[in-house]
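Report on one structure; see the data block that follows.
The values are calculated or read from the model by the stated rules, or taken from the named source; none is laboratory data. Since this is a predicted model, take the numbers as computed values, not measurements. Cβ: placed from backbone, ideal geometry, glycine included. Neighbour counts: every protein chain shown. Remember, those area values only see protein heavy atoms, side chains included, never the ligands or the DNA or RNA. Shrake-Rupley method; radii C 1.70, N 1.55, O 1.52, S 1.80 Å.
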Amino acid sequence: MSKKNVNPVPGADSGAAMPPKKKKKKGSGLLGRIIRRFFLVLFTVVILVLAALVLVMNLVFNGPSPAARDKLTMTLIEASATKWVPALFIGEDTVAEIRESVSDSGLEEDVTDTTKVIIQANNVITGNSNEWDNYPDGVRIERRSGDTYNAHIMIVRNPAQVYMGTSTEKFSTAIPGKRITEVMAENPDVIAAINAGAFNDDGTASSYVGSTPLGLVMSNGNCVWTSGKQPGLEGFAGFNEDNILVVSKTNLSQSEAENLKIRDGCCFGPVLIVNGEVNLEAYNNKSGFNPRTAIGQRADGAVIFVCIDGRQAGSMGGTYADVIDIMQEYGAVNACNMDGGSSSVMMYRDTYGKLGAAGETVMVNNYSLLQSQPRRMPNFWMVRAAS
């Protein structure tokens, strides 16, 4: 009987034990599966949330309530990042109709009558008390709440302390604007500031956004920027040489501002109150719930700054009507809307510790939760310390 030839594996000892097989680490495989499933669940949740959001928005835009449709439309188109959304659901023509369907202004005068503002030395109000007794730096800050907003009101006793600050001596798209926190840090003599006028904004985060203003900007009696009567801007606000706030329903040219002896001012709008009369066109405007900033002046000369929080869980934002109501409550005879949305910001150097630690610079309002810091801007309303 023949034997079968068995060819051993070269170098292998038939009596030697085979090396043990490496076992797979269960931990690493389990971790990989957990990570993959987490991202799968997260992706699914995001898709479901977006789908739900689209369905809800479609229901509002094309639902039974024109008022809800109009309010949502105006809320979205007032923000640079979402202005394109309403047209996806209702078309450009309907968006244009919603924007234009407001009442006539009914204003008898489009520009401030400066004789109706009388600057008083002590700003004494009714009775024997002086409202500034407990505010040695001449700045008083209060808060008001409405159904959809929280508002911060700053009253500045002396209008001569209010001026137009700029982010640079020479505006250029190559020079980014500054954040209000930077401006306050660079100017130790400034005790308060809010955002001011219009600027180029294409909805992106490029350095070009916030670098140059739109319209006319006057600072310290000089025209520091003008791009003509820019379409889309609906007003002008500025202090003249007598420290009276002049508001105009139309944008001013450089020559018009110089004729009115404007020392500091900028464009935005709409104008809210002129010579004590409400601009009904703005009041009845179907403006949405958004962050707002406005400037006004009382008959005794005190300046009123208003910042409304928006795009937050506890404060959706305010409308033009809300701002007008606040301005009237605080006695404004002239007032104008400034840039709002993610630009709305108010800061105060708390010299006497009225809000917290003495000497600390505080952010008075709460800007959008979508922001990690204030936006870059070309100009600011600023309040220098009393001499």
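Checking the cross-link pairs Lys178/Lys249; Lys83/Lys116; Lys116/Lys286; Lys71/Lys261; Lys83/Lys229 against a 32 Å limit on the alpha carbon distance flags Lys83/Lys116; Lys71/Lys261 as lying beyond it. When the chain is modelled as a GNM with alpha-carbon springs shorter than 10 Å, which of Asn200, Asn365, Asn275 fluctuates the most? Ranking Asn200, Asn365, Asn275 by mean-square fluctuation puts Asn200 first.
For the peptides 201-211, 182-192, residues were scored by their other Cβ atoms within 10 Å and the scores averaged per peptide; the highest-first order is 182-192, 201-211. Run through every distinct alpha carbon pair of the range 231-357 and return the Kirkwood hydrodynamic radius in angstroms, one decimal place. Hydrodynamic radius (Kirkwood, Cα only) of the range 231-357 equals 15.2 Å. The peptide list 345-353, 283-291, put in order of mean Cβ contacts within 10 Å with the highest first, becomes 283-291, 345-353.
Each residue of the range 245-252 is assigned a 3J(HN,Hα), and the resulting list reads 6, 9, 10, 10, 5, 10, 5, 8 Hz, derived from the Karplus form 6.51 cos²θ - 1.76 cosθ + 1.60 (θ = phi - 60°), x at Gly and Pro. In the chain, the calculated helix contribution to ellipticity at 222 nm averages -7500 deg cm²/dmol per residue, counting -39,500 (n - 2.57) for every DSSP H run with n ≥ 4. Comparing Thr75, Thr319, Thr114 in a Gaussian network model of the chain, where Cα atoms under 10 Å apart are tied by springs, the biggest mean-square fluctuation is seen for Thr114. Ligands, DNA and RNA aside, Arg376 has an accessible area near 80 Å² when probed at 1.4 Å. From most to least packed by mean Cβ count within 10 Å, the peptides 261-269, 307-315, 332-340 give 332-340, 261-269, 307-315.
For the range 320-330, backbone phi angles converted through the Karplus equation (6.51, -1.76, 1.60; θ = phi - 60°) give residue-by-residue couplings of 4, 4, 4, 5, 4, 4, 5, 4, 5, 4, 9 Hz, Gly and Pro being listed as x. Counting only protein heavy atoms and a probe of 1.4 Å, the accessible surface of the chain is 55% carbon and sulfur. Protein heavy-atom accessible surface, 1.4 Å probe, per residue over the chain: 53 Å². When the chain is described by a simple charge dipole with +1 on each Lys and Arg Cβ and -1 on each Asp and Glu Cβ, the residue from Tyr367, Trp84, Phe43 located farthest towards its positive end is Phe43. The angle separating the long axis of helix 26-61 from the principal Cα axis of greatest extent in the chain is about 40 degrees.
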